[in-house]
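Structure, as structure tokens:
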Amino acid sequence: MSTAKKLIDTLKEDLKDSKQRVSPTYIKLVEVFPLQPIFSKKQHEMALKVLEKLITYTNEDKSNDEGVKIYLKTLSQLVSDYEEKQFKASEVSGSKMLAYIMELQGLNQKDLSKELGGQSVVSKILKGERELNLRQIKSLAKRFKVSPEVFI
């Protein structure tokens with residue numbers, strides 16, 4: 001008897017009283033696209049295609065198949081794990097984030113002078129000569145309806 005078979009038999013015995021049951025849909029999905037860590041760009045692209053189809057299916061189908069939900073959640077986490085390793089976000093300073101949001105919304109320094117304590121303060125923050133303080137961060141978060149963490 002192989003080691004893997006022994007392991008499976010042991011697990012079956014240990015878990016025989018478990019109420020966990022696997023949906024047939026889940027098993028079929030695993031047969032089509034096995035759930036495993038993603039290590040390559042090609043695997044990532046394939047996983048994204050599968051996710052896209054699953055999301056479309058779940059949005060269109062109202063049956064709420066538990067097997068599809070579990071598979072979707074697990075595959076999403078595997079994709080997230082890969083992307084986290086491959087596409088590490090660079091740290092962005094509060095002043096750079098502020099400049100970006102200002103550009104997106106077509107704002108100038110004068111538009112934020114009230115929240116930040118004057119136009120000269122805004123200028124110094126944007127030039128990196130001065131850091132945002134807690135009061136300013138809270139004020140900006142409230143104005144732009146974002147988490148204060150955006151500016152930290």
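Within a 10 angstrom radius of the beta carbon, how do LEU54, LEU134 rank from fewest other beta carbons to most? Walk me through the intermediate numbers first.
Details: LEU54 18, LEU134 9.
Fewest-to-most ranking of LEU54, LEU134: LEU134, LEU54.
Where the only charges are on Cβ atoms (+1 Lys, Arg; -1 Asp, Glu), what is the dipole of the stretch 23-86 about its Cα centre, to the nearest 20 debye?
Dipole of the stretch 23-86, to the nearest 20 debye: 120 debye.
Only Lys, Arg, Asp and Glu count, each charged at its Cβ (+1, +1, -1, -1), so figure out the dipole size of the stretch 94-151 about its Cα centre, rounded to 20 debye.
Numbers: 11 positive and 6 negative charges, 36 e Å.
My answer is approximately 180 debye.
Counting trypsin sites (Lys or Arg not before Pro) as exposed when in a DSSP loop with at most 11 other beta carbons within 10 Å, what is the longest stretch of the chain free of them? Present the calculation step by step, with values, prior to reporting the outcome.
Working: sites that count: LYS16, LYS19, ARG21, LYS62, LYS88, LYS145.
Longest stretch, sites excluded: 89-144.
Work out, step by step, the length gained on full extension between THR25 and GLU115: first 0.36 nm times the residue separation, then minus their alpha carbon distance; give nm to one decimal.
In short, 27.0 nm is gained.
Given 10 °C and 1.306 mPa s, compute D for the stretch 94-151 with the Stokes-Einstein relation, Rh being the Kirkwood radius over Cα pairs; round to the nearest whole µm²/s. Walk me through the intermediate numbers first.
On the way: Rh = 11.0 Å.
This corresponds to a translational diffusion coefficient of 144 µm²/s.
Report the net charge of residues surrounding LYS145, where surrounding means a beta-carbon distance below 15 angstrom and charges are Lys +1, Arg +1, Asp -1, Glu -1. Don't skip to the answer; put the middle values down first.
Values: positive: LYS138, LYS142, ARG143; negative: GLU115, GLU149.
Net charge in that neighbourhood comes out at +1.
Would you mind checking the pairs LYS53/LYS88; LYS19/LYS62; LYS41/LYS62; LYS96/LYS142; LYS16/LYS85 and listing those with alpha carbons more than 28 angstrom apart?
Values: LYS53/LYS88 26 Å; LYS19/LYS62 25 Å; LYS41/LYS62 33 Å; LYS96/LYS142 18 Å; LYS16/LYS85 37 Å.
Listed pairs above 28 Å: LYS41/LYS62; LYS16/LYS85.
List the longest stretch of the chain that has no exposed loop site; here a site is one of the GluC sites (Glu not before Pro) assigned by DSSP to anything other than H, G, I, E or B, with at most 11 other Cβ within 10 Å. Intermediate values should be presented prior to the final figure.
Working: sites that count: GLU91, GLU129.
Between the exposed loop sites, the longest stretch runs 1-90.
Just going by the charge dipole of the chain, with Lys and Arg at +1 and Asp and Glu at -1 on Cβ, which of ALA141, SER123, THR10 is farthest out on the positive end?
SER123
May I ask for the longest run of the chain untouched by chymotrypsin sites (Phe, Trp or Tyr not before Pro) that are loop-located per DSSP and have at most 16 neighbouring C-beta atoms (other than their own) within 10 Å? List each step's numbers first, then the result.
Working: sites that count: PHE39, PHE87.
The answer is 88-152.
Can you give the charge dipole size of the chain about its Cα centre, rounded to the nearest 20 debye, using +1 on the beta carbon of Lys and Arg and -1 on the beta carbon of Asp and Glu?
Numbers: 27 positive and 21 negative charges, 85 e Å.
With Lys and Arg at +1 and Asp and Glu at -1, about 400 debye.
Each value in this text was obtained by applying a stated rule to the coordinates, not by laboratory testing. Since the model is a prediction, treat every value here as computed from it, not as a measurement. Every residue, glycine as well, gets a Cβ built from its backbone with ideal geometry; the counts of neighbours run over all protein chains shown.
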